[in-house]
Amino acid sequence: MDRPELTEIRDSQVFRDYYYLLSELKNYCKYNSLPTSGGKQEISDRIAHFIDTREILRPSTKRTQTKRTEKITLDSLIEPDIKCSDLHREFFKGVIGKQFTFKVAFQNWLKQNAGKTYEEAIEAYHAILKDAKDSPTVISKQFEYNTYIRAIHADNPGMNHKDAIACWNHKKSQPGHNKYERTDLAALRK
């Protein structure tokens with residue numbers, strides 16, 4: 001069974017059985033005058049609700065204006081609702097070095113530790129890097145493609161990326177979950 005076009009789906013369970021790109025979801029929203037803001041999960045929930053009820057759900061999050069930080073020092077306190085801005089990036093690159101990047105784990109640490117100092121943040125950054133070397137990163141649920149590709153390469157060392165993508169394309173066209181299974185390798189025999 002091929003993946004149905006979004007515009008053809010009349011049951012939210014059928015919709016949830018297939019994988020759609022964020023761009024496809026947003027196009028569907030625009031076509032049906034649904035809000036396109038939010039992450040993939042929120043947009044998917046909005047579409048599922050619309051399919052079943054024809055009601056338009058408004059975005060659930062409210063944007064708040066945060067106080068802009070003018071200068072950061074080691075003694076500065078991490079602000080609540082921190083946004084990882086260019087000012088923050090410049091500060092961390094100045095202290096840590098050019099190799100600094102905002103890793104997801106570090107961004108999460110910053111958001112969960114408002115009120116701590118930036119000196120503590122730098123210590124946490126180095127600890128996060130050390131932990132990352134010792135264990136593979138956890139891929140968030142919404143990154144199904146990345147999770148699938150990592151799993152297929154782990155199970156099939158030496159597989160080229162083109163074949164892994166072919167298996168992924170086959171998998172996402174099928175109903176059900178999008179987790180790698182060895183039976184997905186059948187896509188390479190077609």
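The values are calculated or read from the model by the stated rules, or taken from the named source; none is laboratory data. Note that the structure is a prediction, hence the values are computed from the model and not measured. Here the Cβ is made from the backbone with ideal geometry for all residues, glycine too, and neighbour counts use every protein chain on show. Only protein heavy atoms, including side chains, enter the accessible area calculation; ligands, DNA and RNA are left aside. Shrake-Rupley method; radii C 1.70, N 1.55, O 1.52, S 1.80 Å.
Figures for the structure shown
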read-out	value
Size of electric dipole in the range 85-190: Cβ of Lys, Arg +1 and of Asp, Glu -1, about Cα centre, debye, nearest 20	420 debye
Potential extension, Thr183-Thr117 segment - 0.36 nm per residue separation minus Cα distance	18.7 nm
Length added when fully stretched, Asn169-Arg58, from 0.36 nm per residue minus Cα-Cα	36.8 nm
Inter-label distance, nm, simple model (7 Å from Cα along the C-beta direction), Lys83/Ser23	2.6 nm
Cross-link pairs beyond the 28 Å C-alpha cut-off, checked among Lys30/Lys103; Lys93/Lys133; Lys93/Lys179; Lys83/Lys130; Lys30/Lys162; Lys40/Lys171	Lys30/Lys103; Lys93/Lys179; Lys30/Lys162
Nearby aspartates and glutamates by direct alpha-carbon distance to Lys116 (threshold 12 angstrom, same-chain neighbours under 8 apart not counted)	Asp75, Glu79
Rounded to whole Hz, the Karplus (6.51, -1.76, 1.60) HN-Hα couplings of the range 82-95, x for glycine and proline	4, 10, 6, 8, 4, 4, 5, 4, 4, 4, 5, 5, x, 8
Centroid-to-centroid separation of the range 96-168 and the range 1-27 [C-alpha atoms, Å]	29 Å
Accessible area of the chain divided out per residue, in Å², using a probe of 1.4 angstrom	67 Å²
Surface share of carbon and sulfur [accessible, 1.4 angstrom probe, percent] for the range 1-134	48 percent
